[in-house]
Amino acid sequence: MSRVLLVEDNEMNRDMLSRRLRKKGFEVDMALDGAQGVEMARSGAYDIVLMDMSLPVIDGWEATRQLRAAPETQTIPIIALTAHAMSGDRDKAMDAGCSDYDTKPVEIDRLLLKMNTLLGVA
Amino acid sequence: MTEVGEQAQLRTLSADEVATLRHDMRTPVNHIVGYCELLLEDAEGPDHAARRERLEESLRAVRDALEMINASLSPGGHDVTQRDVDALYDRLREPHARIMESMAALLTPQDHATVDEEFSADVRKIRNATEQLVAAKRSASIEPAATLEREVPATETISPEGRGTILIVDDEPNNRAVLERHLERQGYTVVSAGDGAKALEIVQRASCDVVLLDVRMPGMDGREVLRRIKQDPATRDIPVVMISAADDLSTIAACIEAGADDFLPKPFDQVILRARVGASIEKKRLRNLEVDYLRQVERVAEAATAVERGVYAAGSLAQVAERGDALGRLARVFDSMAVGVKAREQRLQDHVTNLRREMDEAKRSAAATGDTQEPDDGALIPGELFANRYQITRVVGRGGMGMVYKARDRELAEDVAIKTLRSNAMSDDPTVVERFKTEIRLARRISHRNVVRTHDLGEHDGAYYVTMEYVEGITVRELIDMRGHLSVPSTLGIAQQLAASLEVAHGQGVIHRDIKPQNMLLDPDGVLKVMDFGIARLAQHTSTLTQAGMVIGTPAYMAPEQLLAEEVDARSDLYAVGVVLYECLTGALPFEGASPIALIAKVLHTVPVSPAERDGSVPLPLSGLVMRLLDKEPGGRPGSAGELRELLAELG
């Protein structure tokens with residue numbers, strides 16, 4: 001059973017996505033902002049991070065950089081989620097150290113495929 | 001508000017604002033998609049078929065909405081204006097309605113499915129998100145809306161003139177009350193009508209800026225009211241906004257085709273109401289400006305007609321002239337020009353009046369001394385029928401080229417002047433004769449109050465004759481001879497009319513070639529009539545110098561280049577004008593010679609004494625202008641008759 005850290009400030013997004021992932025068999029924990037996300041990820045309890053990029057306190061880009069900078073979270077898969085769908089967002093996310101990238105609205109099957117690929121399940 | 005509203009409409013959103021807006025709109029979209037999918041995953045089995053159908057329909061609707069958002073707010077796309085954003089919100093109403101309808105159905109127990117608490121909570125979340133999708137407008141159009149609020153606080157009383165008068169036509173009292181309250185709070189003056197007939201009565205009686213018109217009404221419905229408003233020229237410029245239920249799109253389309261300017265869907269959304277009413281008021285304001293502008297353009301055109309008729313009153317355009325734009329400038333320039341033209345005309349009139357006085361005095365003294373026309377020794381006797389058409393009345397003059405008679409044209413029952421051209425005065429060179437005919441043809445076209453109208457060229461008994469308009473009056477020659485010399489105003493009166501006649505003739509390609517006081521008639525009103533345009537063309541130039549005193553009369557009025565049989569142009573006529581004016585002012589010719597040869601030598605080589613030197617009462621500028629006209633080089637004279645007329649007008 002994979003453990004997922006969902007870093008998302010929007011309550012409805014959190015509710016929706018966490019419920020859908022749980023239904024698919026994931027264990028989901030949630031962080032409400034970038035700083036909390038980094039702190040929780042450092043515990044080493046998660047297999048993958050789903051990171052919203054527009055976050056309060058520190059945003060997803062910065063949180064990702066911090067995770068990549070710390071030895072204990074250097075290799076954890078991070079999927080960036082962004083609602084902007086700007087043409088440069090994908091490159092920006094990869095540059096920041098994300099493992100993959102997806103846009104909102106989340107297509108659950110597509111997201112699952114990406115997650116499973118990174119988790120080596122597929 | 002309207003101006004602010006217009007600016008707000010056209011304002012281009014910054015890239016950041018567009019990004020924020022896109023984010024704000026996509027967030028509820030994401031929620032709708034997410035929850036619909038979530039509920040779909042749970043809605044398995046035959047019991048949930050109806051539920052799945054509703055959810056799938058909602059998903060289609062929300063994806064439509066997403067497409068609209070992406071199309072309108074695409075990153076790196078075209079500039080986005082507030083108007084685009086408003087249009088997007090308008091389009092979003094449709095998917096919004098579809099989702100809301102589905103959600104309402106989902107909350108009503110159907111088939112065998114039960115509606116549990118968790119499910120209803122999720123449906124409510126979808127409904128909230130859906131509402132947020134269109135309600136986002138309130139927070140999205142942040143800036144303009146905020147500006148409007150600040151500019152026009154709802155609680156303040158605004159003068160009716162400031163915002164405009166709105167007529168609400170709706171048979172439903174509640175609708176009227178809601179609209180009235182909204183609009184009055186925004187400072188509009190509101191008038192209401194409960195039916196179409198009342199509405200038309202108000203529209204025709206009062207000045208409304210916008211009409212909000214319900215489509216469905218008992219009796220005369222909104223479409224008929226609209227048709228009548230748009231049919232009447234007095235009311236057709238008033239913007240009409242149709243009030244209609246949102247599902248009545250075909251009716252709205254028909255109304256827009258019939259001239260409606262916009263529509264307002266029920267139930268009323270305050271923001272939409274404000275935007276549409278504001279836009280319509282602005283439209284009316286612009287139309288008012290346009291109508292006003294056109295009216296003022298018309299005033300300028302009328303002023304031009306008035307100038308032509310000589311009835312322009314200075315300052316008639318004062319109101320138009322106050323405008324700060326190009327039309328205002330046109331009116332100001334036009335007014336000052338028209339005033340200038342009028343002053344000139346007045347001066348000319350004064351000169352002509354002077355001229356008439358001198359003519360009358362001359363006639364009186366001539367009568368007193370018993371000076372009469374010499375008895376004629378011409379070939380034609382009064383009463384004789386000439387060329388089988390003209391009955392000779394009397395001899396009116398004689399010149400180097402032939403006799404001038406007054407005669408009655410029996411065919412047209414009209415008095416005419418006939419100038420016979422002695423055959424020995426004419427060139428026998430056929431090309432010269434041909435050119436002469438051409439010139440007469442051109443001269444026939446000249447129609448001007450200062451030109452004696454040429455009627456026809458004929459040949460009789462081997463000699464040519466020209467028929468012309470008969471003018472009762474005296475020649476300038478006779479006037480000078482009777483008066484000795486003329487006053488400055490009379491001379492200017494003659495000079496300005498002479499220049500005007502030449503300007504027209506030269507414009508038609510006709511050079512006179514024989515301007516002299518004998519060819520210039522003054523009718524009893526002091527109107528100068530120049531005759532014999534084109535006729536001198538027939539003269540035998542070669543004989544001028546050899547056969548003294550004949551053919552073209554005296555060479556005293558001929559320009560040096562003409563005497564030398566060089567190229568003759570309009571400026572040669574201007575030289576002759578110089579001689580005529582010299583003679584008017586001083587009673588003498590600029591050059592006198594004992595013989596034609598001596599005279600010609602002086603014309604070619606001597607500078608004359610100026611009119612002012614001869615007579616100290618001649619103003620120096622006028623004297624100087626005469627001397628310029630007498631310049632031996634055409635290039636030293638004014639360039640054209642038009643230029644001469646301007647120079648004379650400046651002299652007064």
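The values are calculated or read from the model by the stated rules, or taken from the named source; none is laboratory data. Bear in mind that the values here come from a model prediction, so they are computed numbers and not experimental data. Cβ placement follows ideal geometry from the backbone for every residue including glycine, while neighbour counts extend to all protein chains displayed. Note: areas computed on protein heavy atoms with side chains; ligands, DNA, RNA excluded. Shrake-Rupley method; radii C 1.70, N 1.55, O 1.52, S 1.80 Å.
Within region A:36-55, track down each residue that is among the aliphatic types (A, V, I, L, M), open to solvent by less than 40 Å² (accessible area, probe 1.4 Å) and more than 14 Å from chain B (Cβ to nearest Cβ).
Within region A:36-55, A:Val38, A:Ala41, A:Ala45, A:Ile48, A:Val49, A:Met51 qualify.
I'm checking my understanding of the structure. Among residues of region B:16-30 that are over 11 Å from B:Ser74 (Cα atoms) and within 7 Å of chain A (Cβ to nearest Cβ), which one is surrounded by the fewest Cβ atoms within 10 Å (Cβ to Cβ)?
B:His23
Have a look at B:Arg223, B:Arg205, B:Arg228 and point out the one that is more than 19 Å from B:Asp261 (Cβ to Cβ) and open to solvent by 20 Å² or more (accessible area, probe 1.4 Å).
Unique residue meeting the criteria: B:Arg205.
Any chance region A:21-37 includes a residue that's of a type in the set (Val, Ile, Thr) and more than 26 Å from B:Ala129 (Cα to Cα)?
no
Quick check on region B:275-287. Is at least one of its residues over 30 Å from B:Ala177 (Cβ atoms) and at pLDDT 80 or above?
yes
Which residues, taken from region A:8-32, are buried (at least 19 other Cβ atoms within 10 Å of the Cβ), assigned to a loop (DSSP other than H, G, I, E, B) and either more than 14 Å from chain B (Cβ to nearest Cβ) or of a type in the set (A, V, I, L, M, F, W, C) (or both)?
Across region A:8-32, the qualifying residue is only A:Phe26.
For the list (1) within 14 Å of chain B (Cβ to nearest Cβ); (2) in a helix (DSSP H, G or I), I need the number of the one condition that A:Glu72 fails.
(1)
Could you please give the count of residues in region A:97-111 that are part of a helix (DSSP H, G or I) and either modelled with pLDDT of 90 or more or among the hydroxyl-bearing types (Ser, Thr, Tyr) (or both)?
Adding up the residues that qualify gives 1.
Please work out which residue is nearest to the other protein chains (Cβ to nearest Cβ), limiting yourself to region B:31-41 and to residues that are aliphatic (A, V, I, L, M) and either within 17 Å of B:Leu88 (Cα to Cα) or free of Cβ contacts under 8 Å to residues at least 60 places away in the same chain (or both).
Ranking the candidates gives B:Val33 first.
Can you tell me how many residues in region B:539-570 are closer than 18 Å to B:Glu592 by Cβ and modelled with pLDDT of 50 or more?
The number of residues fulfilling the criteria is 8.
Which of the following residues is in contact with a Gly (Cβ under 6 Å, 6 or more places away or on another chain) and open to solvent by less than 50 Å² (accessible area, probe 1.4 Å): B:Gly259, B:Gly310, B:Gly328, B:Gly278?
The match here is B:Gly278.
Here's the yes/no breakdown for (1) closer than 23 Å to B:Ile480 by Cα; (2) surrounded by fewer than 16 Cβ atoms within 10 Å (Cβ to Cβ):
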| site | (1), (2) |
| --- | --- |
| B:Tyr575 | yes, no |
| B:Leu585 | yes, no |
| B:Pro590 | yes, no |
| B:Ser595 | yes, yes |
| B:Val603 | yes, no |
| B:Ser610 | yes, no |
| B:Ser617 | yes, yes |
| B:Leu630 | yes, no |
| B:Leu647 | no, no |
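Would you point out which residue out of B:Glu67, B:Glu101 is within 14 Å of chain A (Cβ to nearest Cβ), modelled with pLDDT of 85 or more and open to solvent by 60 Å² or more (accessible area, probe 1.4 Å)?
Of the residues listed, the single one that is within 14 Å of chain A (Cβ to nearest Cβ), modelled with pLDDT of 85 or more and open to solvent by 60 Å² or more (accessible area, probe 1.4 Å) is B:Glu67.
Identify, from the list B:Ala8, B:Ala50, the residue that is open to solvent by less than 40 Å² (accessible area, probe 1.4 Å), part of a helix (DSSP H, G or I), away from every other protein chain (no Cβ under 14 Å) and at pLDDT below 80.
Just a single option satisfies the conditions, and that option is B:Ala8.
Under the condition of being in contact with a helix residue (DSSP H, G or I) (Cβ under 8 Å, 6 or more places away or on another chain) and not hydrophobic (A, V, I, L, M, F, W, C), which residue from region A:16-30 is nearest to A:Val57 (Cα to Cα)?
A:Asp29
Does region B:524-540 contain any residue that is under 25 Å from B:Arg357 (Cα atoms) and assigned to a helix (DSSP H, G or I)?
no
Looking at (1) without any contact (Cβ under 8 Å) to a residue 12 or more places away in the chain; (2) in contact with a helix residue (DSSP H, G or I) (Cβ under 8 Å, 6 or more places away or on another chain), find the lone condition where B:Val241 falls short.
(1)
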